[in-house]
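Taken together, the values in this text are just the output of simple stated rules run on the coordinates, not laboratory data. Everything numeric in this text was worked out from a predicted model, so none of it was measured. Glycine gets a Cβ as well: all are built from the backbone with ideal geometry, and neighbour counts include every protein chain shown.
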Amino acid sequence: MFMVAHDALHHALSSTSWVNSVVGRAAWLFVAPTFSLPSFSYVHLTHHRNANDGENDPDMFATHGPAWQLPFRWALMDVFYAVWYCRQLKRRLRHSRRRPLAEVAETAVVFSVSIAGVCIAIATENFWILAAAVLIPQRIGMVILGWWFDWLPHHGLEQTQQENRYRATRNRVGMEQVLIPVMLSQTYHLVHHLHPWLPFYRYAQAWRGNEDAYLAHDPAIATVFGRELTPAEYREWKAG
């Protein structure tokens, strides 16, 4: 469901805005129902502009920190995003009030409905059913998101999106017949940062169709096991 909401916020799901809006919101309820999709959209698009740029990148918590903490941080991604989002509100409200207030209002509604649902489950002695069917799978899903969408493509890269957009995010190559469908093309996360309007199922096609042009910019590439490759090493690896 995350990929549906993710493509919707990038307007990659449909050329019709209301379809992206409606379907994206519906899908997002299965991902993080306490935080509205418009609020997450602001956070995520800021990450795209400022990948690896310290406090300006809202995803830094997922790639920087003690290794033992990272899975717990990933499991609480929505909490980290909400805290970062709240820190930006005062500055944003000085420039414009309409959009931030609309985001906050929608978040307040979905948060209230989510908490009410948990309270009803507790009152009717169905909390553990809710936890097993919804809450625990959501947290496991967030761990996977943090690992696949943040840590694997971004950790260890020092250059920011503004400095060099080809080296702020990496592709991972190898075992593609398995990993592309399993990881929903996030092995080509660099392509997503370069062309965020592309739907996820076209990342690999875009890379293969323009590979020489990408390699001319010395992009960040690593094998699935973490060995960093230069363009020359990548060509040699591919030929072998």
Could you tell me whether region 155-168 includes any residue that is on the phi < 0 side of the Ramachandran plot, of a type outside the set (Gly, Ala, Ser) and outside any loop (DSSP other than H, G, I, E, B)?
no
Test result for Arg227, crowded, with 18+ Cβ neighbours inside 10 Å and out of contact with any Phe, Trp or Tyr (no Cβ under 7 Å at 6 or more places or on another chain):
no
In region 56-114, residues that are among the charged types (D, E, K, R), in contact (Cβ under 8 Å) with a residue 12 or more places away in the chain and more than 27 Å from Gln162 (Cβ to Cβ) total 1
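Just to be sure I understand, how many residues within region 1-26 are small (Gly, Ala, Ser), crowded, with 17+ Cβ neighbours inside 10 Å and over 21 Å from Asp59 (Cα atoms)?
So the answer is 2.
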Within region 122-141, identify whether any single residue is without any contact (Cβ under 8 Å) to a residue 24 or more places away in the chain and touching a Phe, Trp or Tyr at 6+ places or on another chain (Cβ under 8 Å), and answer yes or no.
no
Quick test for you: out of Gly146, Gly117, pick the one residue that is surrounded by fewer than 17 Cβ atoms within 10 Å (Cβ to Cβ) and in contact with a helix residue (DSSP H, G or I) (Cβ under 9 Å, 6 or more places away or on another chain).
Gly117
Could you list all residues from region 1-55 that are among the hydroxyl-bearing types (Ser, Thr, Tyr) and touching a residue at least 12 places away in the same chain (Cβ under 8 Å)?
Ser21, Thr34, Ser36, Ser39, Ser41, Tyr42, Thr46
Helices (runs of 4 or more DSSP H) lying entirely in region 188-240 (those with 3 or more residues that are under 22 Å from Gly156 (Cα atoms)):
189-194, 231-239
